[in-house]
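The values are calculated or read from the model by the stated rules, or taken from the named source; none is laboratory data. The shown structure was predicted, so the numbers you read here are calculated from the model rather than taken from an experiment. Cβ: placed from backbone, ideal geometry, glycine included. Neighbour counts: every protein chain shown. To get the accessible areas, we keep the full protein, side chains included, count just its heavy atoms, and leave off ligands, DNA and RNA. Shrake-Rupley method; radii C 1.70, N 1.55, O 1.52, S 1.80 Å.
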Amino acid sequence: MPLIVEQNTTNAELFLSVAGAGAKVVPTLEELRRALAETPEEHAVVLGPAVDLEAAAALADNLRITRPAVSVILMRRRVDTAVLAEALRSGMREVVEERDLSGLSDAIKRAFQVYRAVTGPSSRLDEHPVGRVVTVFSPKGGVGKTTIAANLAVALATRDKTRVCLVDLDLGFGDVAITLQLFPARTIADAVALESDLDFAALEPLLTPHRRGFSTLVAPVQPDAKDSIPASLVSRVLAILKANFEFVIVDTSPAFDEHVLQAFDETDNLLLVTTLDVPTLKNVKIACETLDLLNFPKARRHLVLNRADDKVGLAPEKVESTLDMKIDQAIPTSAEVANATNAGEPITASHPKHSASQALFRLADAVTGAPAAAAVPEADDAARAKSRSTAPKRGLLRRQAR
Ligand SMILES: Nc1ncnc2c1ncn2[C@@H]1O[C@H](COP(=O)(O)OP(=O)(O)OP(=O)(O)O)[C@@H](O)[C@H]1O
Ligand SMILES: [Mg+2]
């Protein structure tokens, strides 16, 4: 991921905001050389406006011979012909004005294309998958999918050295970015153009880091962008993320659309969210029948009862008997949950001792302890694969009122 030389903290934060998760700021060219030596897969070096032009040119001159896959991107307060001439002479790939953050973002993207052209496609996908995909789904809108997914990401990321990525697959109306008060430079829609040779090095710049230590891949801003995202991209993206994160948490739309169906194919643990109301229960029941049709293994389904203490005349036991499933985790109702969301900080982060947070931490424990796909009997998966060719692929449930 891009290495940025910048001492000014405001600039550093701005550059980092467009450089993608994993980008690193170093204060001096000396530090940069050290960091570069430790990062053989680096594709871009960004030199902040205060870096001396002559020293920058010397570095670029050296890198074009020793590390031709690394693009040098020079940031300048003002770009004039003298700067451009020097940049051209020394082999820098881009010169960008200090305030032109979208220009910097595009330059980093082009740097990656150069890297790919020089090094060829990455083989990292062939490495063993290290993680598991945990999908949070309900056929009903507004039951708490995004709240649970975001809190799960926070809870899992608090564990030492656990790499977590939260993916917003509610491609039309995704709320992850706003729920977490993120201002992403890239969304999953930016992966469409890269699909043919998408790998982690290409995907990583599209991730937005969250201050609680996890990464996010957010949904497009415009709802109609969903139509341009092929369902096959979802599988590819999740498979790549699974090879690079311990946990990939997927937030979904309240419908069995083709993107969500693709996500199910990559899902190790499916959290089915319900609440104590009859229409939701009815829809979750139909969803379970659909999952049966799709041969989605029962061992990988987990029932989460949100707003578990709502006094609405429907008991949790009724939910269990109707769905023929045990409730794996119940999360209480609390205004604090919604308050925390509205303040842009999931409750597990802002009030970790709150009873709702404790329930969400227990859910994270249950997810960690649950068997992943690899542990589910093979026969189950074989039957599932067979049935996928005959099972209905889309429109199984209509999107419910949100
Ligand atoms: N346990 C809870 N107690 C109180 N409020 C909650 C709880 N869980 C979720 N909420 C609130 O309910 C609202 C809907 O939650 P959320 O956006 O997570 O649902 P969703 O299933 O993702 O909705 P959609 O289908 O529209 O994406 C939010 O305002 C959220 O703060
Ligand atoms: Mg949601």
Listed by first then second residue, the pairs whose first member lies in the range 355-370 and is within 10 Å of Ile331 (Cα to Cα), whose partner is open to solvent by 60 Å² or more (accessible area, probe 1.4 Å), with beta carbons under 6 Å and at least 6 positions apart or on separate chains, are Ser357/His351
The residue from Leu241, Leu217 that alone is aliphatic (A, V, I, L, M), away from ligand 2 (no atom under 16 Å from the Cβ), under 16 Å from Ala149 (Cβ atoms) and touching a helix residue (DSSP H, G or I) at 6+ places or on another chain (Cβ under 8 Å) is Leu241
Selection over the range 180-203 where residues are modelled with pLDDT of 90 or more, assigned to a helix (DSSP H, G or I) and crowded, with 23+ Cβ neighbours inside 10 Å yields a count of 2
Over the range 149-172, the set of residues in a strand (DSSP E or B) and within 9 Å of ligand 2 (Cβ to nearest atom) is Asp168
Flagged pairs (Cβ under 8 angstrom, 6 or more apart or on separate chains; first in the range 235-252, in the same structural domain as Ala149 (by TED's automatic domain parsing) and of a type in the set (Phe, Trp, Tyr); second within 16 Å of ligand 1 (Cβ to nearest atom) and outside any helix (DSSP H, G or I)) are Phe247/Val134
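Which members of the range 204-224 meet the condition of being among the hydrophobic types (A, V, I, L, M, F, W, C) and surrounded by fewer than 17 Cβ atoms within 10 Å (Cβ to Cβ)?
If the condition is that a residue be among the hydrophobic types (A, V, I, L, M, F, W, C) and surrounded by fewer than 17 Cβ atoms within 10 Å (Cβ to Cβ), then Val221 is the only one that fits.
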Taking first residues from the range 330-347 that are in contact (Cβ under 8 Å) with a residue 40 or more places away in the chain and in the same structural domain as Ala155 (by TED's automatic domain parsing) and second residues anywhere that are away from ligand 2 (no atom under 16 Å from the Cβ) and open to solvent by 10 Å² or more (accessible area, probe 1.4 Å), the pairs with Cβ under 7 Å that are 6 or more apart or on different chains are Ile331/Ala308; Ile347/Glu336; Ile347/His354
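Take the residues in the range 264-273 that are among the acidic types (Asp, Glu) and outside any loop (DSSP other than H, G, I, E, B), then tell me which one is nearest to ligand 2 (Cβ to nearest atom). Steps first, answer last, please.
Our first condition is that a residue be among the acidic types (Asp, Glu); within the range 264-273, this holds for 265-266, 268.
Applying the additional criterion that residues be outside any loop (DSSP other than H, G, I, E, B) yields 265-266.
Numbers: Asp265: 21, Glu266: 19 Å.
Looking at residues that are among the acidic types (Asp, Glu) and outside any loop (DSSP other than H, G, I, E, B), I get Glu266.
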Across (1) within 15 Å of ligand 2 (Cβ to nearest atom); (2) not in a helix (DSSP H, G or I), Thr146 clears everything bar (2)
Exactly one of Leu101, Leu152, Leu169 is in contact with a His (Cβ under 8 Å, 6 or more places away or on another chain) and either within 16 Å of ligand 1 (Cβ to nearest atom) or open to solvent by 30 Å² or more (accessible area, probe 1.4 Å) (or both), and that one is Leu169
Flagged in the range 74-98 as surrounded by 12 or more Cβ atoms within 10 Å (Cβ to Cβ) and either in contact with a Pro (Cβ under 8 Å, 6 or more places away or on another chain) or among the acidic types (Asp, Glu) (or both), in numbering order, are Met75, Arg76, Glu86, Glu94, Glu97, Glu98
Would you be able to say whether some residue in the range 384-396 is modelled with pLDDT under 95, touching a Ser or Thr at 6+ places or on another chain (Cβ under 9 Å), within 26 Å of Leu276 (Cα to Cα) and surrounded by 14 or more Cβ atoms within 10 Å (Cβ to Cβ)? yes
Looking across the range 288-327 at residues that are within 16 Å of Val143 (Cα to Cα) and away from ligand 1 (no atom under 13 Å from the Cβ), the single one that is surrounded by the fewest Cβ atoms within 10 Å (Cβ to Cβ) is Lys311
If you go through Leu238, Leu270, the only one that is open to solvent by less than 20 Å² (accessible area, probe 1.4 Å) and either of a type in the set (Lys, Arg) or more than 15 Å from the chain's Cα centre (by Cα) (or both) is Leu270
When restricted to Leu261, Leu276, the only residue part of a helix (DSSP H, G or I), farther than 21 Å from Asp365 by Cβ and open to solvent by less than 20 Å² (accessible area, probe 1.4 Å) is Leu261
